[in-house]
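Just so you know, all these numbers are worked out from the coordinates, no wet-lab data involved. All figures in this text were calculated on a predicted structure; none of them were measured in a lab. Please note: Cβ atoms are built from the backbone with ideal geometry, for glycine as well, and neighbour counts cover all protein chains shown.
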Amino acid sequence: MGSEKDSSAILDDCRDLAREIIRRFGPSGAMIATAESCTGGLIAGMITEIAGSSAVFDRGFVTYTNDAKMDLIGVRADTLKAHGAVSPETAIEMAAGALSRSKARYAISVTGIAGPGGGSPEKPVGLVYMGLAARDGEAEATELRWNEDWPRDLIRAATVHAALETLIERFEEDEA
């Protein structure tokens with residue numbers, strides 16, 4: 001994903017990905033749950049913006065604070081204390097918690113630093129961890145590193161795009 005795109009162009013691509021999710025997941029009955037921090041519900045919003053989304057979208061959790069992560073989706077206080085909210089460990093627990101609290105086949109989570117402030121040398125602006133949990137396997141995390149000079153809306157849009165692509169890729173792997 002190049003910086004030549006702006007957030008509106010990326011979000012247009014996201015709508016196409018959301019349509020593809022509905023087209024592919026719908027016939028199989030595979031449902032999705034989301035657990036979002038830095039995107040604030042944009043992944044869920046992108047999917048549910050498309051007609052027919054009720055066939056594939058079960059529920060979404062916006063867990064912006066650490067308390068919300070613990071209360072709503074069961075992220076452990078020890079995990080947050082040891083690794084922080086922006087960590088692969090937290091992303092995994094977010095995805096696993098959303099999956100266990102839903103009827104979904106897949107849960108995707110994101111936690112990161114969208115900026116423009118809030119970054120550090122260890123965890124710069126643009127760092128996002130995405131978790132994926134599936135009923136048939138272990139949860140996993142992927143590190144995304146967006147350009148720290150990008151505006152907040154571009155980092156968030158790029159993260160939504162990556163999450164939707166990841167859901168399609170995992171579904172294709174499982175259906176192959």
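Evaluating kT/(6 pi eta Rh) at 20 °C and 1.002 mPa s, with the Kirkwood radius of the range 7-175 over Cα pairs in the Stokes-Einstein relation, gives 138 µm² s⁻¹. Only Lys, Arg, Asp and Glu carry charge here, each on its Cβ (+1 for the first two, -1 for the last two); on that basis the range 7-175 has a dipole of about 480 debye about its Cα centre. For the pair Glu148 and Arg135, label points projected 7 Å from Cα toward Cβ lie 4.2 nm apart.
Each of Glu169 and Glu20 was given a label point 7 Å from its Cα along the Cα-to-Cβ line. The distance between the two points is 1.1 nm.
Quick one: length gained pulling Lys103 to Ser28 fully straight, 0.36 nm per residue minus the C-alpha distance? Please report the intermediate quantities before stating the final value.
Details: separation 75, 0.36 × 75 = 27.00 nm, distance 1.40 nm.
Taking 0.36 nm per residue and subtracting the Cα distance, the gain is 25.6 nm.
Counting 0.36 nm for each residue step from Ala176 to Arg76 and taking away their Cα separation leaves a gain of 32.5 nm. Only helical runs count toward this figure. For the chain, summing -39,500 (n - 2.57) over DSSP H runs of n ≥ 4 and dividing by all residues gives -14500 deg cm²/dmol at 222 nm.
Using the Cα centre of the range 101-141 as the reference point, and only Cβ charges (+1 on K/R, -1 on D/E), how large is the resulting charge dipole? Debye, rounded to the nearest 20.
260 debye
Using the Kirkwood radius over C-alpha pairs as Rh, can you work out the diffusion coefficient of the range 64-148 via Stokes-Einstein at 10 °C, viscosity 1.306 mPa s, in µm² per second? Estimated via Stokes-Einstein, D reaches 123 µm²/s.
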